[in-house]
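Comments concern the structure below.
The values are calculated or read from the model by the stated rules, or taken from the named source; none is laboratory data. These figures come from a predicted structure and were not determined experimentally. Ideal geometry is used to build each Cβ from the backbone, glycine not excepted, and the neighbour counts take in all protein chains shown.
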Amino acid sequence: MESHQSYAAQAIQQLHKVRFKDLILFEDEDYLLINKPAFISTLDDRNDDLSIISMARDYVESAQVCHRLDKETSGALLIAKNPDAYRSASMQFEHRKVKKIYHAVCDGIHDFRELKVDLPIYATSKGVVKISKREGKEALTFINTLKAYRKYTLVECQPVTGRMHQIRIHLSSQGAPISGDEQYGGKPFFLSALKKNYNLKKDAEEQPLMKRVALHAQAFTFKLMNQEDVRVEAPYPKDFAVLIKQLEKLN
């Protein structure tokens, strides 16, 4: 079976061909908001020669990313072009004026209606997080079901705080781990689980339909330097769109 690492390496090779300008969803003199591809780190990573910050600084030398998305997570990412814009964004995050919406495909069928998950998160030194009321920091997420399919559910998550892996572990805590998120109990998405009489070629091993955590930062709302509110939506990348299409088809 093709390893997760080799697939990610191939994805990074493809990203070298991507023009940063093609990722931009919104731009003014102070900010860029991009649709971050999966498998690329937000900040410099010693294991990769490509990162969002390096691409952004090739485009605008003084660029600073205002928040992070996990390497596997795609979607809306805010970048400041100058120090004043970065300070303004930082204050908006600190005072919880920024609104972030994520979409995720979860294992199982769930009916979440304005579910409030208020569980403190503790980040270990090994890059894993856990729920800990004693050691954890405040973490709050609101979750709603968008559509239930056979064996899977598309959910919308609005994190109020911005803890590491917050959405992933909060969904897992509700018995709804994200598909493909094996770190927190999710299982790879195989078509054979939904498709009757699913046939593979002889000696072939089935590959997951989506080779990453099924999480996408779908929308981002913030204030420009003139205090105007801006809401930007990030279209699903190809792998997430294909996953939803198959769920609709097989529902």
Contact list please: Cβ distance under 7 Å, first residue in segment 62-75 and closer than 15 Å to Ile24 by Cα, second residue part of a loop (DSSP other than H, G, I, E, B) and among the charged types (D, E, K, R), pairs at least six apart or on different chains. Ala63/Lys81
Suppose we filter segment 129-174 for residues that are under 19 Å from the mean Cα position of the chain (by Cα), in a loop (DSSP other than H, G, I, E, B) and not hydroxyl-bearing (Ser, Thr, Tyr); how many remain? 7
Residue in segment 168-191 that is surrounded by the fewest Cβ atoms within 10 Å (Cβ to Cβ), counting only those that are closer than 12 Å to Lys151 by Cα and of a type in the set (Gly, Ala, Ser): Ala176
With the requirement that a residue be surrounded by fewer than 17 Cβ atoms within 10 Å (Cβ to Cβ) and of a type in the set (Val, Ile, Thr), what does segment 233-250 give you? Val242
Determine, yes or no, whether Tyr102 is of a type in the set (Phe, Trp, Tyr), under 19 Å from the mean Cα position of the chain (by Cα) and surrounded by 12 or more Cβ atoms within 10 Å (Cβ to Cβ). yes
Filter segment 89-127 down to the residues that are at pLDDT 95 or above, out of contact with any Phe, Trp or Tyr (no Cβ under 9 Å at 6 or more places or on another chain) and polar (S, T, N, Q) and list them by number. Ser90
With closer than 25 Å to Ala193 by Cβ, aliphatic (A, V, I, L, M) and touching a Ser or Thr at 6+ places or on another chain (Cβ under 6 Å) as the only criterion, which of Val155, Val65, Val117 stands out? Val155
His103 - would you say it is touching a strand residue (DSSP E or B) at 6+ places or on another chain (Cβ under 8 Å) and within 30 Å of Arg150 (Cβ to Cβ)? yes
Kindly indicate which of Asp70, Asp58 is under 18 Å from Ser179 (Cα atoms) and of a type in the set (Asp, Glu). Asp70
